[in-house]
1. Quick check: is even one residue across region 185-196 of a type in the set (Gly, Ala, Ser) and at pLDDT 95 or above?
2. Quick check, is Glu191 open to solvent by 70 Å² or more (accessible area, probe 1.4 Å) and touching a Phe, Trp or Tyr at 6+ places or on another chain (Cβ under 8 Å)?
3. If you check Thr237 against the conditions, is it touching a helix residue (DSSP H, G or I) at 6+ places or on another chain (Cβ under 8 Å) and over 30 Å from Val90 (Cα atoms)?
4. Listed residues Ser236, Ser184; which is surrounded by 14 or more Cβ atoms within 10 Å (Cβ to Cβ) and touching a residue at least 60 places away in the same chain (Cβ under 8 Å)?
5. Quick one: would you say Lys109 is at pLDDT 90 or above and in a loop (DSSP other than H, G, I, E, B)?
6. Being assigned to a helix (DSSP H, G or I), modelled with pLDDT under 95, surrounded by 15 or more Cβ atoms within 10 Å (Cβ to Cβ) and not β-branched (Val, Ile, Thr): is that true of Ser201 here?
7. Restricting to region 157-198, name every residue that is in a loop (DSSP other than H, G, I, E, B) and either in contact with a Cys (Cβ under 8 Å, 6 or more places away or on another chain) or not aliphatic (A, V, I, L, M) (or both).
8. Looking at Lys155 and the list (1) open to solvent by 40 Å² or more (accessible area, probe 1.4 Å); (2) closer than 24 Å to Leu217 by Cβ; (3) at pLDDT 95 or above, which single condition is not satisfied?
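The values are calculated or read from the model by the stated rules, or taken from the named source; none is laboratory data. Not measured: the values here are computed from a predicted model. Virtual Cβ from ideal backbone geometry, glycine too; neighbours counted across all protein chains shown. Side chains included, ligands, DNA and RNA excluded: accessible areas come from the protein's heavy atoms. Shrake-Rupley method; radii C 1.70, N 1.55, O 1.52, S 1.80 Å.
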Amino acid sequence: MEGRVPPAAAESTDDPPPPPPQPLSSDDTKETYIVQIPRDQIYRVPPPAHAKIVESYRNPSRQREGCGGKCGLWIVVALISLAAIVGIGVAIVHMFFTSPKTPEFSVTKVLVKNPPTSHAKHTHPTYEISLQAGNPNERMGISYEDGGKASLSFKKKRIGGGEYPSLSQDAKDSTTVQIHLAGSNGALPSEIEKSMNDTKSKTPVSLSLTIDVPVKLKSFIPKSQELTVTCDFKVSTLASGEKILSQKCDAKF
């Protein structure tokens, strides 16, 4: 009779039991995932400085609140300072790069006193000449300083001389100037002597008046100049009742 194989349960129970399950370490629990995002959906985070600029544009009211009234005051001060600088610059340019207009002169009257006569031929007459002096400058006054000289000539021969009076003119002002000239030593030209004593003479007399005077231009920055004036004029006679027939006056700095 064949022998039977004993069942598995009948095997020996002397084998050790299986070890308990060990807990998983942290390395075993980590998993890596790869996520792919389309490139057009990737957004970059701007630097902090750029973020502040963007925030200031989004909330301009915060800037105004933080600045308060001080910003307005500083803006006003800056504008006033800028206007002052521009004004000074314009004045300097106007003064140094814009030529001032020269004064305008015209002879209005000529009077001879103490003319020589047949009884006193060696006397020296005096001449009183009236001028109209005008300042054509709109924003610049003119001051005629001391030391001005004036002389009267006939055919380039000096027959009288004296001082030009000091005076001051505002812009666009006109003044009547009286010049007193003493007769020069020596005999007078015969034409001048005849014109002084002959009221019926119809021969006009041509004379020349020259003026040299220091002037000061009164503007934002005062400026000194030397003014030379030459007036060539013709009178009907040098006796009483003379009349200015023609004239031409030139002035230059």
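1. Checked against the condition, which is being of a type in the set (Gly, Ala, Ser) and at pLDDT 95 or above, region 185-196 yields no hits at all.
2. Details: open to solvent by 70 Å² or more (accessible area, probe 1.4 Å): yes; touching a Phe, Trp or Tyr at 6+ places or on another chain (Cβ under 8 Å): yes.
When the stated conditions are applied, Glu191 passes them.
3. yes
4. Step by step, each of Ser236, Ser184 is checked, and only Ser184 is surrounded by 14 or more Cβ atoms within 10 Å (Cβ to Cβ) and touching a residue at least 60 places away in the same chain (Cβ under 8 Å).
5. Taking the combined requirement at face value, the residue does not satisfy it.
6. For Ser201, the condition - assigned to a helix (DSSP H, G or I), modelled with pLDDT under 95, surrounded by 15 or more Cβ atoms within 10 Å (Cβ to Cβ) and not β-branched (Val, Ile, Thr) - is not met.
7. If the condition is that a residue be in a loop (DSSP other than H, G, I, E, B) and either in contact with a Cys (Cβ under 8 Å, 6 or more places away or on another chain) or not aliphatic (A, V, I, L, M) (or both), then Pro165, Ser166, Asp170, Lys172, Asp173, Ser184, Asn185, Gly186, Pro189, Asp198 are the ones that fit.
8. Just one mismatch for Lys155, condition (2).
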